[in-house]
Every structure is written in C-alpha cells, then in structure tokens.
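Just below is one structure, and these are the notes that go with it.
Nothing in this text is a laboratory measurement; each read-out follows from the coordinates by a stated rule. Note that the structure is a prediction, hence the values are computed from the model and not measured. Here the Cβ positions follow ideal geometry from the backbone for every residue, glycine too, while neighbour counts run over all protein chains shown.
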Amino acid sequence: MPETANLSAETILETQGLTKEFKGFVAVNNVDLKVRRGDIHALIGPNGAGKTTFFNLLTKFLPPTRGRITYNGTDITHERPAQTARRGIVRSFQISAVFPHLTALENVRAALQRNLGTSFHFWKPERSLHHLHGRALELLHAVDLQDFANELTVNLPYGRKRALELATTMALEPELMLLDEPTQGMGHEDVHRVTQLIKKVSQGRTILMVEHNMNVVSSIADRITVLQRGAVIADGPYAEVSKNPQVIEAYMGSTENELQGAH
C-alpha cells in the first residue's frame, strides 16, 4: 500500500496553516495539527492561547481566515456546521448539552431521538420512544449513571451532570469527540471519575480535548499539542512535551515540577 494511503487511514483530522484573525489580532496562527485515529489527543496552553477559537473553527462556529481542515481525507473547511456534525464530529461540555428538568434517562433518549432525526416530534406518543429505552440504559451504564436513570438532571451533582453530557454525546454516535474543558470546575473526586469515563468511552473512537488539568492530560492523553498565542509551540507525547523549555516558560504559573510531576 502506498505511504499516503497509510497516512490517510491513520490520520482522522488534519489542519494545515489554519489561521483566524480578528481585526488584526491573530487568535489562531498557522496551526498544523494531525489527530490520529483512535487517540486521545489533548490541546493545552495558557489562557488566551487560542484553544477555544481553534475548536470553533473545527466545528464551523467560525470561518477561518486562511488554511484547510481535512476530515477522513475530505476537505471540510467550508462546510456548514450541520454538514460537519453529520460526518460524526460532535462537541461537548463547553455549553451544557442536557435539559435540566428531564430525567437522566429522558435526556439520553432525547439525544438518541435527535440522532434518528426525530428530535422535534415531541407530539409523538411516549410508547413510540420505548425502542430507545434499552440503548439509553446501556449508555447510562457506560458512564456509571444507571442508579440515577430516573433522577431529574437538575438534582444531579455537578460531576454526574458532566457524565450525563458524555452519555448524550455518545448517543449521537460520534467518530470524533471534541471535549471542551471536560473537568473544569470539578473537585478532585469528580475529576478522577470523569477522567476514567473519558478513557472508557474512548474505546473505538477518537477524542480531541481542551484541558487545563495536567494530571488529566498526563494520565490519559496519547498525544499533546501546546498552543501559545495561537501558534503550536510543541507537539508529541506528554513525557517529551513536559520537558520542552518553551512549554515550561509558557506555563509561568506552573513550575517545571508541576508540569513534569503530574500523575
């Protein structure tokens, strides 16, 4: 098999020279990124590094000033957001993806319904959704929420709400999950639980995540890309990236020991 065919099979998402400028301010600067199929790939960097803008470019909330986005070998740079979502790129976490006054089970079932293209058929009789019940329970089980199935989402602890968001994202059957700050605002116990859940649900899919917590990144990421002022300053496995002098300098709030000693 030619080398290029091998590469396209291994790379699920690639950006080439991706750039976003806002009235002279360069938020994302000529970013070349390759995400390998099946990896958990972390995008890290100090505040203002351009991570969220980069995610917004991938999901088409923003058009790029220059550059190219390729997904499964197809140029998707100028697609509409819905087209890109239908390809199996699903973003979660930055904005809560759950309905607070539905139960956990009803939330997952609504996401399954959406995936079938029947999300607006709320006038359909309840029994027409029963065929989704089993799959919804499976997804709740996958994120350890089986005991909370009939609990109203508004009453769930914060970490459990995040686990529910993970289940609703999985209901959309993503090939590539974009997780935006999945452990933000969590206590230590919830961080650990959600980190383990991300590892568990990554089986058979690819994850690109923006994450501040170095312990999370060091424990589950296969590869790390570091952004600073919109540009890539390092890319590689955690052990290599955490020793990079530019990365250590970029995280002036973190000591070298914190970067290298995260477990």
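Computed values, structure above
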quantity: Hull shadow area, averaged, the chain [alpha-carbon convex hull, nm²]; calculated: 15.6 nm²
quantity: Cα-Cα over 24 Å, subset of Lys60/Lys161; Lys20/Lys60; Lys20/Lys243; Lys51/Lys199; Lys60/Lys200; Lys20/Lys200; calculated: Lys60/Lys161; Lys20/Lys243; Lys60/Lys200; Lys20/Lys200
quantity: Distance (nanometres) between label positions extended 7 Å along Cα→Cβ at Ala85 and Glu21; calculated: 3.1 nm
quantity: ³J(HN,Hα) computed for each position of region 24-37 - Karplus, 6.51 cos²θ - 1.76 cosθ + 1.60, integer Hz, glycine/proline x; calculated: x, 8, 8, 7, 10, 10, 6, 7, 9, 9, 10, 10, 7, 4
quantity: Length released on extending from Lys200 to Ala239, taking residue separation times 0.36 nm less the Cα-Cα span; calculated: 11.8 nm
quantity: Computed FRET value (nearest 0.05) for Ala231 with Thr59, which takes r as the C-beta separation and R₀ as 30 Å; calculated: 0.90
quantity: Added length on full extension, which subtracts the Cα-Cα distance from 0.36 nm per residue, Glu173 to His141; calculated: 9.9 nm
quantity: Highest-MSF residue in the chain out of Leu116, Leu57, Leu197 [GNM, Cα springs under 10 Å]; calculated: Leu116
quantity: Projected label distance in nm at Arg37 and Asn155, using a 7 Å step from Cα toward the beta-carbon; calculated: 4.5 nm
quantity: Sorted peptide list for 67-73, 168-174, criterion being average Cβ within 10 angstrom, highest first; calculated: 168-174, 67-73
quantity: Region 35-107 versus region 180-212: alpha-carbon centroid distance in Å; calculated: 16 Å
